[in-house]
Amino acid sequence: MTSRAAALAEGMPASRLSMRRGRWRWIAIAALLCVPALVPVLSIVAAFAAPDLDIWRHLAQHILPQVVPNTLKLVVGVALLSGVLGTSLAWLTAMCEFPGRRFFDWALLLPLAIPTYVLAFVAVGFLDFAGPLQSWLRAVFGSSAWFPPIRSTGGTIVVMSLALYPYVYLLARSAFLTQGRRALEAARTLGLSAAAGAWRVALPMARPWIAGGIALVGMETLADFGAVSVFNYDTFTTAIYRVWSGLFSMSAALQLSGVLLLFVVIALLIERRSRAGARFASSRDASREAPRMSLSPARQVAALAFVSLVFLLAFALPVLQLAHWAVARAASDFDARYFGFVARSLVLAGGGAALIVVASLLLAYIGRREPHRCTRILVRLATMGYAIPGTVLAIGLLVPVIVLNNTLQEALRSWLGPAAPTIMLHGTLFTVLLAYAARFLAVGFNPVESGLHRVTRSIDEAAISLGVTGAALLRKVHAPLLRTSLATAATLVFVDIMKEMPITLIARPFGWETLAVRVFEMTAEGEWERAALPAVAIVLTGLIPVAMLTRRGAYVA
Amino acid sequence: MNETLTESAMLPSAARTDLRRGRRIAALPLVLVACLAAWGCARAPEELVVYSARNEQLIKPLFDRYTAETGMPIRFVTDDAGPLIERLAAEGANSPADVLMTVDAGELWFAAQRGLLQPLDSAVLEQNIPEHLRDPEGRWFGLSVRARTIVYSTERVKPEELSTYEALAEPQWQGRLCLRTSKKVYNQSLVAMLIAQHGEERTEQIVRGWVQNLATDVFSSDNLLMEAIAAGQCDVGIVNTYYFGRMQRDNPDLPLRLFWPDQQGNGVHVNVSGAGVTAHAPRAEQARAFLEWLSSAEAQGQFAGANLEYPANPAVEPDERVAAWGAFKASPLNVAQAGELQADAVRLMDRAGYR
């Protein structure tokens with residue numbers, strides 16, 4: 001650990017002049033870290049230089065009136081439902097005791113590994129008119145007309161929430177585990193009932209985490225193209241693709257993405273404003289955990305039934321269906337190449353997770369040391385990438401990289417003449433990882449930033465007064481406090497990259513095929529059942545970080 | 001830098017080791033980047049590079065065969081046509097790509113329109129590929145034909161009731177028609193070709209008629225659409241033949257059959273999966289030879305057969321499962337019109353409420 005990093009952690013006092021110089025240095029580093037994420041945002045802003053008025057008129061007349069309310073309904077619905085699911089499940093597994101709790105503790109995370117579009121496809125295949133369930137209902141009752149349609153607003157919201165609630169679950173759980181029980185205990189000694197304690201103390205204290213999780217869910221929902229396409233539910237994102245691929249206008253597609261981002265900025269500002277002034281720091285005394293709440297037998301049964309239901313719907317049943325398809329195709333499709341697919345997926349996901357967590361940690365520390373407006377705006381912009389539809393972001397980032405590559409190539413040619421080697425920055429793993437950083441910085445940053453709230457100034461001061469300073473402060477005091485948050489961030493990013501398609505597809509080096517690329521190859525011409533094999537492999541590989549998380553004890557408190 | 005040095009000079013030795021280790025760790029990513037960049041640049045002196053929107057399992061076997069026969073290695077990257085075209089455009093003269101391959105004529109037209117493909121003067125290609133399945137200026141060539149035709153339930157529809165795409169807009173199909181989403185380029189091309197035939201006004205009436213006849217919301221795939229017909233949700237729909245072929249292969253008792261519309265008129269709407277040589281291809285000559293080979297009798301059977309499509313080269317017989325659906329008259333209109341009129345088609349479908 002360098003002394004500079006230690007200084008960063010401590011917020012080292014210095015003379016005013018050098019402090020000012022130091023401040024700008026940190027802001028410059030933050031800016032540097034944000035560059036990859038800022039590039040696509042700037043591409044989008046630049047597209048407004050030439051607004052495509054003709055297309056906008058068409059959109060305003062025929063597309064936007066439908067797409068804007070649709071998108072709002074979807075985002076609000078998915079955010080609410082996954083917020084309620086994630087928070088209540090986290091509450092049950094972190095605060096209460098019931099049979100099977102230890103299993104569900106980590107098992108409820110597993111739906112994270114199923115790509116949303118895969119869950120959507122399985123749900124539509126199983127529950128639509130021609131699916132096995134309704135066919136059976138018709139065979140037994142003669143009609144299935146009363147069965148609610150899955151390809152509807154409600155169906156889309158429920159399925160997407162089942163796929164996305166783990167973001168909230170993971171963050172809320174980490175909040176409850178590290179402070180909830182103690183807070184609740186304190187509330188109860190002050191005379192509040194358990195329910196009142198939950199509502200008035202534990203939940204409000206966990207708010208930054210829950211809000212962070214919901215923000216991720218909302219952004220993911222806005223950017224989603226695959227799942228809404230399966231439901232044929234028109235959103236802003238489908239409109240963006242329609243403009244691009246149907247009307248051949250990349251610039252109008254970027255402009256629409258810009259409007260989408262504006263919505264996100266406003267939503268995040270409202271959230272931030274509503275908790276302005278509140279401080280959410282609290283300490284943790286690991287040596288003295290408060291006991292879990294004991295539930296009455298009836299409540300234990302209810303809790304078990306609820307968590308089992310969610311687990312079945314969001315993970316067990318879909319995976320069974322996928323496994324069924326995968327087994328049918330394994331004989332013809334499974335071969336030795338799969339080891340390569342898995343290995344490459346692991347390298348990308350592992351490398352990306354490491355890169356993004358380190359960047360998030362640095363950014364969060366800089367934000368803590370220099371709570372300057374500049375850094376805040378930078379980070380806000382840099383975490384926008386998660387709300388940009390994947391392909392638009394991939395193109396918005398790749399095109400500037402290619403332009404840079406062309407410039408370098410020209411320079412090289414004029415320097416070395418015809419002997420100059422050909423360079424291709426954009427077809428390298430480095431660019432793929434940078435693009436992941438642009439897309440998933442929010443996923444790493446939100447948990448890390450929430451976690452850093454917990455390391456209060458007073459903890460630092462106490463440690464310093466005991467002679468623990470510099471690198472030791474980071475190692476002995478900060479690291480244990482941040483462990484859960486870092487592990488959470490790494491897991492989320494890892495699994496997200498495993499599932500990511502558009503960036504991997506367009507920026508991967510030649511021959512660099514991954515599991516997600518396999519899914520693309522199969523689904524491109526509608527062979528969804530064949531895509532089950534790589535999808536199952538994604539789920540199984542996604543279990544690795546979850547298992548590590550559990551093993552390392554960072555997860556199980 | 002200076003500042004850091006003085007800092008380290010003032011530190012106790014343990015911390016200095018710490019610092020040095022930190023430096024070494026910090027250098028690692030740089031080394032990694034250098035390696036990766038070098039790896040990305042490495043390129044065999046003689047090889048073809050293909051950007052392909054046709055998926056790997058359909059093209060790789062052919063690439064391997066070509067390499068075995070000619071010794072020319074082929075490297076490729078697959079993605080949707082949209083991103084591939086943007087990438088090609090941005091790369092410009094520095095692009096490593098020799099060939100662009102897509103699964104829709106409109107996409108090839110768009111790439112040609114942006115100046116990304118070069119005209120070829122190839123007697124072989126002109127002889128092998130019929131005129132209406134290639135660019136009039138020779139910038140791209142269809143390699144397999146995908147017919148988008150009518151599929152119907154053998155239980156609830158008699159083939160005599162069917163006639164044309166246009167007739168599906170008539171009231172007798174009220175509540176009996178299923179369609180795939182208009183977001184899929186295949187439907188955009190179909191409507192573009194209807195515009196080429198009838199003009200916008202008449203086409204809009206037809207599309208409105210379709211929308212009124214829908215039994216249920218449009219589907220996201222041809223497979224789901226056919227399953228819906230088989231399950232009785234609707235009686236008739238429009239699909240690409242190879243989706244039907246695949247489903248029939250997996251389930252020979254499928255209560256569905258294909259119908260060739262408009263046999264007295266313009267014929268069945270067809271689209272192509274095809275390819276062109278890129279404007280800045282480093283190996284344009286070899287790329288042309290490769291396309292010529294793909295259009296030859298030798299390769300055509302496999303190119304089309306792998307996906308149960310029709311060979312673009314009329315001298316080559318389709319796969320026997322495909323031939324079993326019967327011969328048909330295909331639309332003689334040049335498939336390039338699918339691209340020219342695509343944006344109009346999309347706007348028209350938006351106006352008509354066809355999602």
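The values are calculated or read from the model by the stated rules, or taken from the named source; none is laboratory data. Nothing here was measured: the structure is a model prediction, and the numbers come from that model. Quick reminder, even Gly has a Cβ in these numbers, built from the backbone with ideal geometry, and neighbours come from all protein chains shown.
Tabulated results
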{"quantity": "Residue count, the stretch A:508-539 (criterion: at pLDDT 90 or above and of a type in the set (Gly, Ala, Ser))", "calculated": "5"}
{"quantity": "Subset of the stretch B:108-121 that is part of a helix (DSSP H, G or I) and either at pLDDT below 95 or more than 10 Å from chain A (Cβ to nearest Cβ) (or both) - its residue that is surrounded by the most Cβ atoms within 10 Å (Cβ to Cβ)", "calculated": "B:Leu108"}
{"quantity": "Unique residue being within 28 Å of B:Leu62 (Cα to Cα), modelled with pLDDT of 95 or more and more than 22 Å from the chain's Cα centre (by Cα) when the list is B:Glu285, B:Glu292", "calculated": "B:Glu285"}
{"quantity": "Helices (runs of 4 or more DSSP H) wholly inside the stretch A:287-403 that include at least 1 residues being aromatic (Phe, Trp, Tyr), surrounded by 15 or more Cβ atoms within 10 Å (Cβ to Cβ) and out of contact with any strand residue (DSSP E or B) (no Cβ under 6 Å at 6 or more places or on another chain)", "calculated": "A:297-311, A:317-333, A:337-369"}
{"quantity": "Residues of the stretch B:310-351 satisfying the condition of being among the acidic types (Asp, Glu) and within 14 Å of chain A (Cβ to nearest Cβ)", "calculated": "B:Glu340, B:Asp344, B:Asp350"}
{"quantity": "1 or more residues more than 22 Å from A:Gly451 (Cα to Cα) and touching a Phe, Trp or Tyr at 6+ places or on another chain (Cβ under 9 Å): qualifying helices (runs of 4 or more DSSP H) within the stretch A:166-271", "calculated": "A:207-223, A:226-231, A:236-241"}
{"quantity": "Matching residues in the stretch A:115-144 - criterion: being aromatic (Phe, Trp, Tyr), more than 30 Å from A:Val495 (Cα to Cα) and at the interface with chain B (Cβ under 9 Å from one of its Cβ atoms)", "calculated": "A:Phe129"}
{"quantity": "Residue count, the stretch A:405-422 (criterion: touching a Leu at 6+ places or on another chain (Cβ under 6 Å) and facing chain B (nearest Cβ under 10 Å))", "calculated": "1"}
{"quantity": "One residue from A:Thr550, A:Thr491 being modelled with pLDDT of 90 or more and assigned to a helix (DSSP H, G or I)", "calculated": "A:Thr491"}
{"quantity": "Single unsatisfied condition, A:Val45 versus (1) modelled with pLDDT under 95; (2) within 14 Å of chain B (Cβ to nearest Cβ)", "calculated": "(2)"}
{"quantity": "Within the stretch A:171-185, tally of residues that are among the small types (Gly, Ala, Ser) and closer than 13 Å to A:Asp105 by Cα", "calculated": "2"}
{"quantity": "Matching residues, the stretch B:175-208, being among the charged types (D, E, K, R) and over 25 Å from A:Thr235 (Cα atoms)", "calculated": "B:Arg176, B:Glu200, B:Glu201, B:Arg202"}
{"quantity": "Residue, nearest to the other protein chains (Cβ to nearest Cβ), within the stretch A:506-527, restricted to residues that are of a type in the set (A, V, I, L, M, F, W, C) and surrounded by 24 or more Cβ atoms within 10 Å (Cβ to Cβ)", "calculated": "A:Ile506"}
{"quantity": "Every residue from the stretch A:381-401 that is out of contact with any Leu (no Cβ under 8 Å at 6 or more places or on another chain) and among the β-branched types (Val, Ile, Thr)", "calculated": "A:Thr391, A:Ile395, A:Val399"}
{"quantity": "Boolean, A:Phe440 is under 30 Å from A:Met250 (Cβ atoms), crowded, with 18+ Cβ neighbours inside 10 Å, within 12 Å of another protein chain (Cβ to nearest Cβ) and not aliphatic (A, V, I, L, M)", "calculated": "no"}
{"quantity": "Residue match in the stretch B:286-305 (condition: more than 19 Å from B:Leu125 (Cβ to Cβ) and within 14 Å of another protein chain (Cβ to nearest Cβ))", "calculated": "no"}
{"quantity": "Counted residues, the stretch B:237-288 - those being part of a strand (DSSP E or B) and of a type outside the set (S, T, N, Q)", "calculated": "15"}
{"quantity": "Residue within the stretch A:214-225 that is buried (at least 22 other Cβ atoms within 10 Å of the Cβ) and within 14 Å of chain B (Cβ to nearest Cβ) present", "calculated": "yes"}
{"quantity": "Qualifying positions in the stretch B:191-229 - at the interface with another protein chain (Cβ under 7 Å from one of its Cβ atoms) and in contact (Cβ under 8 Å) with a residue 60 or more places away in the chain", "calculated": "B:Asp217, B:Val218"}
{"quantity": "Residue in the stretch B:331-340 that is β-branched (Val, Ile, Thr), over 25 Å from B:Ala90 (Cα atoms) and surrounded by fewer than 24 Cβ atoms within 10 Å (Cβ to Cβ) present", "calculated": "no"}
{"quantity": "Residue in the stretch A:426-448 that is at positive phi and not in a helix (DSSP H, G or I) present", "calculated": "no"}
{"quantity": "Candidate set from the stretch B:221-236 (those that are assigned to a loop (DSSP other than H, G, I, E, B) and over 25 Å from the mean Cα position of the chain (by Cα)); member that is surrounded by the fewest Cβ atoms within 10 Å (Cβ to Cβ)", "calculated": "B:Gly232"}
